[in-house]
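The values are calculated or read from the model by the stated rules, or taken from the named source; none is laboratory data. Note that this is a predicted model, so its numbers are computed, not measured. Here the Cβ is made from the backbone with ideal geometry for all residues, glycine too, and neighbour counts use every protein chain on show. When the accessible area is computed, the model is the full protein with side chains, heavy atoms only, and any ligands, DNA or RNA have been set aside. Shrake-Rupley method; radii C 1.70, N 1.55, O 1.52, S 1.80 Å.
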Amino acid sequence: EVQRLQELHEAERRHQAEQLDVAVGDVDEAEAKTQLRLDADPDYRAQRERAERAERQALHAAEKAGRSEDERQQKGEAYRQDSLFTYLWERRYGLPEYESSGLTRWLDGKVARLVSFEDARANFSRLNEIPLRLREHADHLRTLADAEFLKLQQLDEAAREADGVPALEARVVHEQGLLDEIDERIRLDEEND
C-alpha cells in the first residue's frame, strides 16, 4: 500500500513538473516574442539608446570623479603634512573668516609669506573643490541615467502586459505552488513511514 501510494505521488509529481515546464516555456516564448516586437519598435530602440548613452556618461563621470578623489588624497597629503600650512589653513588665513589681530596677525603674515601660503591655499582649495564638483556632476548624470532606464523599463513592462506575460508568470507561480504541495506531501509520507 505504501509503495502504491509512493508511486501515485511520484506520478502526480512528474505530471505537475511537466505542467510547470509547459508554463515556464509559455513565459519564455511570450517574452521572446515581446522582445522581438520591442526590438522592431523605433521608439523603444531610441529609448534604449538614450538609456545606454546616459549609462555610459554616468559611468565615465563616476570614474573621473573617483580618479579626482584619489588624486586629492595623494596630492593633498603633502599639504596635510605641512604643519605651517595646516595651521594657516585651519585658521582660515587670507579669508574673510580669519580672525586675529596684533602680533598674531603679523606673525601669521610672516609665516604665510615664508611658506608661500597664498599660492598653496589656492592650489589646495582647487584640489579639494574639483572632486566635489565632479562627484556632483557624476551623481546628476546617474540620476538622469536612472530616469532613462526607468522610461525603458516602463515601455518594457507595458509591452509585457500587452502580450499577457504577467498572467503567464502568475501561472508559473501557481504551478510551482502545486508542485511544492506535492513535494511536501511526499516528504510527510516519507517521515510517517
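Which count do you get for residues in segment 22-70 that are closer than 30 Å to residue 127 by Cα and open to solvent by 80 Å² or more (accessible area, probe 1.4 Å)? Step through it out loud before you land on a result.
Taking segment 22-70 first, the residues closer than 30 Å to residue 127 by Cα are 53-70.
In the following step, the residues that additionally are open to solvent by 80 Å² or more (accessible area, probe 1.4 Å) were identified as 53, 56-57, 59-60, 63-64, 67, 70.
The total comes to 9.
Taking the condition open to solvent by less than 60 Å² (accessible area, probe 1.4 Å), of a type in the set (Lys, Arg) and within 30 Å of residue 33 (Cα to Cα), does residue 160 pass? First the steps, then the outcome.
Details: open to solvent by less than 60 Å² (accessible area, probe 1.4 Å): yes; of a type in the set (Lys, Arg): yes; within 30 Å of residue 33 (Cα to Cα): yes.
So residue 160 fits the description; yes.
Could you identify the single residue in 179, 134, 152 that is within 30 Å of residue 14 (Cβ to Cβ) and in contact (Cβ under 8 Å) with a residue 12 or more places away in the chain? So that I can check it myself, show each step before the final result.
Details: 134 fails: within 30 Å of residue 14 (Cβ to Cβ); 152 fails: within 30 Å of residue 14 (Cβ to Cβ).
None of the other options fit; the residue is 179.
Quick one: which of 17, 46 is in a helix (DSSP H, G or I) and touching a residue at least 12 places away in the same chain (Cβ under 8 Å)? Before you say what the answer is, go through the steps one by one.
On the way: 46 fails: touching a residue at least 12 places away in the same chain (Cβ under 8 Å).
Every option except 17 fails the conditions.
Which of (1) open to solvent by 50 Å² or more (accessible area, probe 1.4 Å); (2) part of a loop (DSSP other than H, G, I, E, B); (3) in contact with a helix residue (DSSP H, G or I) (Cβ under 8 Å, 6 or more places away or on another chain) is the odd one out, the single condition residue 97 does not satisfy?
Failing condition for residue 97: (3).
Out of all the residues in segment 8-48, which are within 22 Å of residue 181 (Cβ to Cβ) and within 28 Å of the chain's Cα centre (by Cα)? Quick ask: steps written out before the conclusion?
Here is the first cut: in segment 8-48, the ones within 22 Å of residue 181 (Cβ to Cβ) are 8-27.
27, the sole residue that qualifies.
Residue by residue through segment 72-91, note down the ones that are charged (D, E, K, R), open to solvent by 80 Å² or more (accessible area, probe 1.4 Å) and in contact (Cβ under 8 Å) with a residue 24 or more places away in the chain.
75
What are the residues in segment 119-157 that are closer than 16 Å to residue 77 by Cα and loosely packed, with under 13 Cβ neighbours inside 10 Å, if any?
122, 125, 126, 128, 129
Those residues that are loosely packed, with under 11 Cβ neighbours inside 10 Å and either free of Cβ contacts under 8 Å to residues at least 24 places away in the same chain or touching a strand residue (DSSP E or B) at 6+ places or on another chain (Cβ under 9 Å) (or both), I need them from segment 107-117; list them, please.
Of the residues in segment 107-117, the ones loosely packed, with under 11 Cβ neighbours inside 10 Å are 110, 113-114.
Correct list: 110, 113.
Against the definition (of a type in the set (A, V, I, L, M, F, W, C) and open to solvent by less than 40 Å² (accessible area, probe 1.4 Å)), how does residue 170 come out, yes or no? Please lay out each step first, then the result.
Numbers: of a type in the set (A, V, I, L, M, F, W, C): yes; open to solvent by less than 40 Å² (accessible area, probe 1.4 Å): no.
Spelling it out, it is not the case that residue 170 is of a type in the set (A, V, I, L, M, F, W, C) and open to solvent by less than 40 Å² (accessible area, probe 1.4 Å).
Results for (1) at pLDDT 95 or above; (2) part of a helix (DSSP H, G or I); (3) closer than 30 Å to residue 32 by Cβ; (4) of a type in the set (Lys, Arg), shown as yes or no for each residue.
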residue: 74; (1), (2), (3), (4): no, yes, no, no
residue: 105; (1), (2), (3), (4): no, yes, no, yes
residue: 111; (1), (2), (3), (4): no, yes, no, no
residue: 121; (1), (2), (3), (4): no, yes, no, yes
residue: 130; (1), (2), (3), (4): no, yes, no, no
residue: 142; (1), (2), (3), (4): yes, yes, no, yes
